[in-house]
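> Sharing a structure, written as structure tokens. Questions coming.
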Amino acid sequence: MASLYLVGLRPRGLEPVDLGIAAGELVFLSGPSGSGKSLLLRAIADLDPHAGEVRIDTVPRSALSAPEWRRRVGLLPAESHWWQDQVGDHFRAPGSQAREIDAEIIGILNRLDFGAEVLGWSVSRLSTGERQRLALARLLANRPEALLLDEATANLDPSNRDRVEAIVRDYRRDRAAAVLWVSHDPEQRRRLAGRSLVIRDARLEPE
């Protein structure tokens, strides 16, 4: 179980943000294009310069190495990045073998409508939607304690959108993970019934 706390966090272009997301809580974030939603997520993930502090439970970001923080507080960007040729190379440490990918990861892939054979696919053959779903699987394979989701279903058809929503719901419930989800879809926000915040005029406030 892990809660996420932002304490005077000030990404570029935003007023300082104070926010607590309880373990297992879902918070949606919306706002006009360019209002700073993605910048806020990137600051929480410690990918961009910022003032203020972020804590996972009582542990401040400054007490952890960058790789450890990003494992515990996992960011799914709106556009995923792939640095190896094959899908499976993104799910294991360098030099390890396919058999070392555990059953839990295969289960995640199955729930996202992929078979284990996807691990042998070339990244270049993937559609935008396939990349998006596999990026979520890759993120969850690290078993983060908090999730930062930037438009996680924006490029998906309804059936795959439903798959993503279900797997995030179950992950949040089973691991009591705090979730901050950028979404422009009001129906999604109503359907999943999380707390909703919006960025207006560089300030974070209730929707």
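Derivation of every value follows stated rules applied to the coordinates shown; laboratory data play no part. Fair warning: this is a prediction, and the values are worked out from it, not measured in the lab. Here Cβ is always computed from backbone atoms with ideal geometry, including for glycine, and neighbour counts include all displayed protein chains.
> Among (1) acidic (Asp, Glu); (2) without any contact (Cβ under 8 Å) to a residue 40 or more places away in the chain; (3) touching a helix residue (DSSP H, G or I) at 6+ places or on another chain (Cβ under 8 Å); (4) surrounded by 13 or more Cβ atoms within 10 Å (Cβ to Cβ), there is one condition Asp89 misses while meeting the rest; what is its number?
Exception for Asp89: condition (3).
> Which strands (runs of 3 or more DSSP E) sit wholly inside the range 147-207 and have at least 2 residues that are more than 14 Å from Ile21 (Cβ to Cβ) and over 16 Å from the mean Cα position of the chain (by Cα)? So that I can check it myself, show each step before the final result.
Numbers: elements: 178-182, 195-200, 203-206.
Of the strands (runs of 3 or more DSSP E) lying wholly inside the range 147-207, those with at least 2 residues that are more than 14 Å from Ile21 (Cβ to Cβ) and over 16 Å from the mean Cα position of the chain (by Cα) span 195-200, 203-206.
> Return yes or no: is Ser183 closer than 30 Å to Ser35 by Cβ, hydroxyl-bearing (Ser, Thr, Tyr) and either touching a residue at least 60 places away in the same chain (Cβ under 8 Å) or in contact with a Ser or Thr (Cβ under 7 Å, 6 or more places away or on another chain) (or both)?
Numbers: closer than 30 Å to Ser35 by Cβ: yes; hydroxyl-bearing (Ser, Thr, Tyr): yes; either touching a residue at least 60 places away in the same chain (Cβ under 8 Å) or in contact with a Ser or Thr (Cβ under 7 Å, 6 or more places away or on another chain) (or both): yes.
So Ser183 passes the test.
> When the residues of the range 5-48 are narrowed to those that are without any contact (Cβ under 8 Å) to a residue 40 or more places away in the chain and among the basic types (Lys, Arg), which ends up farthest from Leu192 (Cα to Cα)?
Arg12
> Go through the range 5-114 and tell me which helices (runs of 4 or more DSSP H), entirely inside it, have 3 or more residues that are under 24 Å from Asp174 (Cα atoms). Working first, answer last.
Values: elements: 37-44, 66-72, 103-111.
Passing ranges, in order: 66-72, 103-111.
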